[in-house]
Amino acid sequence: MKGFPNFRGEMNRSERMQLKAFICLLGILLLLILIAAGLLKRLGGSEEEPPPESSREEEHVPVTEYLHNVWIMGADSSGLLCFTGEGERLLRVAAFPGEDSQPGTMPSQTDSGEHRSEVTDISRETAQSQTGSGESWIEVTDTNWGTAEWLLGLREQVADLELTDGMVTALRIKPQKTGGKVLAADSDGVWLEEQGRLEYTEDVQGYRLYGEPASVDYRDLCIGYDFADFCLEDGRICAILLAREPAMENIRVLLKNSDFQGIYHDRVELTCDTDYTVQVLNAADPQETVTSYPAGESVELTAQRGARLLVTPSARTGKIILESIHRSQGIPAYRGSLELWWTQEGIVLINELPLEEYLYSVVPSEMPASYPQEALKAQAICARTYAYTHMLRAGYEELGAHVDDSSSYQVYNNILEQEAATAAVKATYGQLLVREDGETLAETYYYSTSWGYGSDAHVWKTDSAEEYAYIIPRHLNRGEMRRMLGQETETVSQSPDLTREDVFAAAIRSIDPGDFESGEGWYRWSYTVRNLNCDTVRRQLQSRYEANEKLVLTLDGEDYVSRPIGTFKEIRDLVILTRGAGGVADELLIETDRDTYKVISEHTIRYILCDGETKALRQDGSEVAMSSLLPSAFFTIEIAREGENVVGYNLTGGGFGHGVGMSQNGARAMAQEGYSAGDILRFFYDGCFVR
């Protein structure tokens with residue numbers, strides 16, 4: 001290419017040497033220039049080289065968290081003493097700008113071991129939009145911030161708090177509160193008598209303000225009472241405040257329909273032995289409607305879904321006669337008032353009346369009024385304690401009732417009031433059975449008759465059984481009673497191990513004349529199924545599986561698992577696998593031609609082995625029909641076979657009921673022998689006493 005020499009081809013050797021010398025000289029000059037520049041910078045330069053990136057001080061990023069619906073217990077110069085869902089927490093308040101101490105310079109002061117809420121990085125606007133409240137935030141820059149008057153105004157308020165680096169830098173007070181008689185409560189809202197239903201906010205909190213502060217929820221509300229305030233935010237409940245200690249006199253009883261078949265009624269027809277009124281309880285209607293009726297006039301009450309009506313006699317001693325249901329006494333009459341609620345499933349009836357008057361009908365429905373007075377008094381104390389326990393923690397909080405009137409709780413008003421039973425209630429007015437601490441109410445379970453021994457709360461297979469250690473499987477024997485009361489000092493003989501099949505079998509086939517109930521008809525009984533119906537057994541298994549799938553298990557390999565009951569045509573074996581305290585049947589094996597099942601708990605076993613047709617033969621020779629349950633689970637089983645199949649079985653048993661707590665016929669025998677109600681209760685509830 002012309003104009004550009006070919007250095008390799010056109011330059012001679014001398015020229016190439018000269019070029020190399022020139023390039024070397026240029027390199028030396030460039031190196032000298034760089035060295036000179038470095039010396040000049042060291043000698044006269046004023047700018048310092050920036051430190052490495054790793055040595056720079058990191059910029060502080062404030063940590064922000066939000067606490068919603070906090071109860072401010074107290075406020076002073078030391079900070080805000082708050083109660084959150086996790087417990088007490090003392091929070092410092094950031095200083096007003098311009099003061100000596102700047103916001104964020106002091107850490108949050110918390111009690112030792114208290115939980116710190118999870119830190120969030122949401123903005124205040126986001127927090128406000130989540131609650132939807134129109135209440136404005138008070139910021140650290142507010143002119144009243146931190147003043148004594150301002151702090152005083154924060155006490156006993158519900159608020160949202162903004163914390164920056166653990167210090168309160170903004171807050172929003174929620175001053176709107178309401179109250180009223182709680183008619184019902186569930187996980188979504190509360191029914192108040194004069195306001196209707198109020199829903200909760202998503203971050204609703206609950207606090208007990210009396211005694212030792214504690215977190216609560218809707219289940220701690222006292223149904224039928226106005227012991228609570230409700231803090232509102234945009235018309236919804238953001239905080240439940242239990243302001244007063246419960247002191248309850250009235251109980252609310254859900255009345256089941258005829259023969260206790262269900263909790264909903266198709267129709268309601270009633271009258272009253274005095275004049276009475278029907279009042280509409282409907283918050284949507286500002287003018288409450290009250291209609292008066294004369295004594296004896298019957299009326300069938302109807303209303304739209306969601307409506308509530310209240311029927312009230314004109315006299316406190318008046319009784320409402322509920323003509324649309326049936327009880328053993330015939331058509332029942334009720335003291336107190338009657339509340340009706342039209343729901344999607346049907347009409348709910350709730351009878352509200354004084355606790356003591358409720359017991360007038362419970363005691364004769366649960367224990368014959370012909371029993372000795374001390375036995376009736378023991379029954380009255382048990383019934384009152386049981387009822388009050390459920391008044392504190394309602395069984396039907398979503399429907400607004402503490403208990404129902406069936407054997408699921410205590411049978412109420414199935415039998416007419418009896419003078420002797422009423423006298424026992426009045427003689428024990430207000431008395432409750434408490435545990436050793438003198439404060440905690442005892443769980444006063446009771447049953448009809450023992451076979452000579454009781455059991456314990458493990459028979460029901462619940463997690464709470466350990467809480468009832470005072471219900472022990474005593475021998476219901478005269479010698480045991482004397483030893484318990486310190487009247488006999490002889491050495492206590494070792495109790496037989498009734499969980500062993502051979503030991504229990506020998507005991508159930510004998511009679512101990514020292515047992516208090518050895519003369520009772522139910523002390524010993526037999527039950528003989530001559531023609532075992534496999535279809536009936538399968539239906540029973542499926543029914544109990546659907547009721548509680550943990551109590552009817554199927555063998556799968558070496559393990560028992562929970563799964564629907566399969567089909568089978570033959571039963572190959574029936575065996576008691578394990579026994580609980582007092583010898584109660586605890587696990588039953590049913591082997592079929594297809595599967596093997598394990599049936600768990602005394603109630604489930606009693607249900608499945610009862611065919612609904614066979615009668616139980618008591619030791620006095622009388623026969624009693626068993627419609628759905630065996631008399632008890634204290635029995636042995638003998639099977640009849642044809643080939644390899646079980647075609648029938650015979651049970652040799654004793655006692656009537658679950659065997660936990662007080663035996664009512666045991667109490668009768670004790671009272672007949674001169675023991676007091678207090679002695680009786682001490683025997684059945686170890687370490688407990690009447691308060």
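The values are calculated or read from the model by the stated rules, or taken from the named source; none is laboratory data. From a predicted model like this one, the values you see are computed outputs, not experimental measurements. All Cβ positions, even for glycine, are placed from backbone atoms using ideal geometry, and neighbour counts span all protein chains on display. Calculation scope for accessible area: heavy atoms of the full protein, side chains included, ligands and nucleic acids excluded. Shrake-Rupley method; radii C 1.70, N 1.55, O 1.52, S 1.80 Å.
Annotations
- When PHE227, PHE260 are screened for being hydrophobic (A, V, I, L, M, F, W, C) and at positive phi, only PHE260 passes.
- Residue list for segment 296-314, filter: in contact with an Asp or Glu (Cβ under 8 Å, 6 or more places away or on another chain) and open to solvent by less than 50 Å² (accessible area, probe 1.4 Å): VAL299, LEU301, ARG308, LEU309, LEU310, VAL311, PRO313
- Total residues in segment 670-680 satisfying the condition of being surrounded by fewer than 24 Cβ atoms within 10 Å (Cβ to Cβ) and either of a type in the set (S, T, N, Q) or in contact with a strand residue (DSSP E or B) (Cβ under 9 Å, 6 or more places away or on another chain) (or both): the figure is 3.
- Only a single criterion out of (1) surrounded by 20 or more Cβ atoms within 10 Å (Cβ to Cβ); (2) without any contact (Cβ under 8 Å) to a residue 24 or more places away in the chain; (3) of a type in the set (Gly, Ala, Ser) is not satisfied by GLY583, namely (2).
- The number of residues in segment 605-620 being in contact with a Phe, Trp or Tyr (Cβ under 7 Å, 6 or more places away or on another chain) and either open to solvent by less than 20 Å² (accessible area, probe 1.4 Å) or at positive phi (or both) comes to 1.
- Test: residue in segment 633-648 that is in contact (Cβ under 8 Å) with a residue 24 or more places away in the chain and closer than 20 Å to MET367 by Cα: no
- Summed over segment 503-557, residues that are part of a loop (DSSP other than H, G, I, E, B) and either among the aromatic types (Phe, Trp, Tyr) or over 19 Å from LEU588 (Cβ atoms) (or both) total 15.
- When GLY479, GLY521, GLY452 are screened for being at pLDDT below 95 and open to solvent by less than 40 Å² (accessible area, probe 1.4 Å), only GLY479 passes.
- Test: residue in segment 597-604 that is hydrophobic (A, V, I, L, M, F, W, C), without any contact (Cβ under 8 Å) to a residue 60 or more places away in the chain and in a strand (DSSP E or B): yes
- Filtered residue count, segment 452-466, keeping only those that are touching a residue at least 40 places away in the same chain (Cβ under 8 Å) and either polar (S, T, N, Q) or outside any helix (DSSP H, G or I) (or both): 6
- Among residues of segment 311-341, those that are without any contact (Cβ under 8 Å) to a residue 12 or more places away in the chain and closer than 23 Å to GLU398 by Cα, counted: 0
- Test: residue in segment 383-390 that is under 24 Å from MET670 (Cβ atoms), surrounded by 23 or more Cβ atoms within 10 Å (Cβ to Cβ), of a type outside the set (A, V, I, L, M) and over 23 Å from the mean Cα position of the chain (by Cα): no
- Among residues of segment 365-382, those that are open to solvent by 10 Å² or more (accessible area, probe 1.4 Å) and not in a loop (DSSP other than H, G, I, E, B), counted: 5
- Counting only strands (runs of 3 or more DSSP E) wholly contained in segment 148-232, the ones carrying 3 or more residues that are open to solvent by less than 20 Å² (accessible area, probe 1.4 Å) and in contact with a strand residue (DSSP E or B) (Cβ under 7 Å, 6 or more places away or on another chain) occupy 157-164, 167-173, 182-185, 189-192, 196-208.
- Filter result (open to solvent by 10 Å² or more (accessible area, probe 1.4 Å), touching an Asp or Glu at 6+ places or on another chain (Cβ under 9 Å) and assigned to a loop (DSSP other than H, G, I, E, B)) within segment 235-256: GLY235, ALA243, ARG244, GLU249, LYS256
- Some residue of segment 391-403 being open to solvent by 40 Å² or more (accessible area, probe 1.4 Å), within 25 Å of LEU281 (Cα to Cα) and out of contact with any strand residue (DSSP E or B) (no Cβ under 9 Å at 6 or more places or on another chain): yes
- The single condition from (1) modelled with pLDDT of 95 or more; (2) buried (at least 19 other Cβ atoms within 10 Å of the Cβ) that ILE321 fails is (2).
- Some residue of segment 535-543 being in contact with a Leu (Cβ under 9 Å, 6 or more places away or on another chain), among the acidic types (Asp, Glu) and surrounded by fewer than 21 Cβ atoms within 10 Å (Cβ to Cβ): no
- Every pair of residues 6+ apart whose Cβ atoms lie under 7 Å, when the first sits in segment 63-84 and is within 19 Å of ALA148 (Cα to Cα) while the second is basic (Lys, Arg) and open to solvent by 10 Å² or more (accessible area, probe 1.4 Å): ILE72/ARG155; GLY74/ARG155; ALA75/ARG155; GLY79/ARG92
- Top-ranked residue in segment 233-262 [being out of contact with any strand residue (DSSP E or B) (no Cβ under 6 Å at 6 or more places or on another chain) and among the aliphatic types (A, V, I, L, M); ranked as farthest from VAL403 (Cα to Cα)]: ALA247
- Some residue of segment 262-270 being open to solvent by less than 50 Å² (accessible area, probe 1.4 Å), β-branched (Val, Ile, Thr) and either free of Cβ contacts under 8 Å to residues at least 60 places away in the same chain or assigned to a strand (DSSP E or B) (or both): no
- The condition of being surrounded by 14 or more Cβ atoms within 10 Å (Cβ to Cβ) and at pLDDT 95 or above does not hold for TYR468.
- Number of the condition not met by THR312 [criteria: (1) part of a strand (DSSP E or B); (2) polar (S, T, N, Q); (3) under 23 Å from VAL425 (Cα atoms)]: (3)
- Counted residues, segment 550-562 - those being of a type outside the set (Gly, Ala, Ser), under 23 Å from THR462 (Cβ atoms) and in contact (Cβ under 8 Å) with a residue 12 or more places away in the chain: 6
- Checked against (1) open to solvent by 10 Å² or more (accessible area, probe 1.4 Å); (2) within 40 Å of the chain's Cα centre (by Cα); (3) of a type in the set (Ser, Thr, Tyr), SER663 passes all but a single condition, namely (1).
- Scanning segment 431-451 for residues that are in a loop (DSSP other than H, G, I, E, B) and touching a residue at least 12 places away in the same chain (Cβ under 8 Å) returns GLN431, LEU432, ARG435, GLU436, GLY438, ALA442, GLU443, THR444, TYR445, SER448, SER450, TRP451.
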